[in-house]
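Remarks on the structure that follows.
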Amino acid sequence: MTQQPATTTPLSKEMQDCVQACMTCHSVCEETMSSCLQTGGLAQMQIMRAVMDCAEMTRMCADMMMRRSPLSAEMCALCARACDMCAEACMSMPDDSQMMRCAEACRRCAETCRSMSAAHM
């Protein structure tokens, strides 16, 4: 069984940056879901799945890093994948500023999560 590190040790700068990117992405995804619900439409409903998955994954990933879960590196890899999928879905609506904001937050989060995953696997 993997030993869990003590929670009294401060998070590394890299991990703090990743947690912040996850929380920012989560927040933007939540705002994007609200925007999608207001405008409706079939295309928006398909995008909603990716946005909802991303919102849940980023929150859970940040939580796992903050509690120093031994699964956080694997979660970061999965979170990066969810963020990539969400960014791609949002890019399908380039004229929607909220979608572009979401895609950018997702790209940033995916990048930091990939770095965390590679550093700790």
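The values are calculated or read from the model by the stated rules, or taken from the named source; none is laboratory data. No experiment lies behind these values; they were computed from the predicted model shown. Note that each Cβ is placed from the backbone with ideal geometry, even for glycine, and that neighbours are counted across all protein chains shown. Surface areas here come from the heavy atoms of the whole protein model, side chains and all, with no ligands, DNA or RNA. Shrake-Rupley method; radii C 1.70, N 1.55, O 1.52, S 1.80 Å.
The table for this structure:
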item	result
Considering residues of region 100-110 that are within 10 Å of the chain's Cα centre (by Cα) and open to solvent by 40 Å² or more (accessible area, probe 1.4 Å) only, the residue farthest from Asp53 (Cα to Cα)	Arg108
Subset tally (residues that are open to solvent by 20 Å² or more (accessible area, probe 1.4 Å) and within 18 Å of Cys29 (Cα to Cα)) for region 60-74	2
Test: residue in region 37-48 that is modelled with pLDDT of 90 or more and either open to solvent by 40 Å² or more (accessible area, probe 1.4 Å) or within 14 Å of the chain's Cα centre (by Cα) (or both)	no
Options Ser97, Ser117; residue that is crowded, with 18+ Cβ neighbours inside 10 Å and among the small types (Gly, Ala, Ser)	Ser117
Single unsatisfied condition, Gly41 versus (1) in contact (Cβ under 8 Å) with a residue 12 or more places away in the chain; (2) out of contact with any helix residue (DSSP H, G or I) (no Cβ under 6 Å at 6 or more places or on another chain)	(1)
Output for region 66-78, where each listed residue is under 11 Å from Cys18 (Cα atoms) and modelled with pLDDT of 95 or more	Cys76
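Residue by residue, here is whether (1) acidic (Asp, Glu); (2) closer than 14 Å to Ala103 by Cα; (3) without any contact (Cβ under 8 Å) to a residue 40 or more places away in the chain holds:
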{"position": "Gln46", "(1), (2), (3)": "no, no, no"}
{"position": "Asp53", "(1), (2), (3)": "yes, yes, yes"}
{"position": "Asp63", "(1), (2), (3)": "yes, no, yes"}
{"position": "Ser69", "(1), (2), (3)": "no, no, no"}
{"position": "Ala77", "(1), (2), (3)": "no, no, no"}
{"position": "Arg81", "(1), (2), (3)": "no, yes, yes"}
{"position": "Met85", "(1), (2), (3)": "no, yes, yes"}
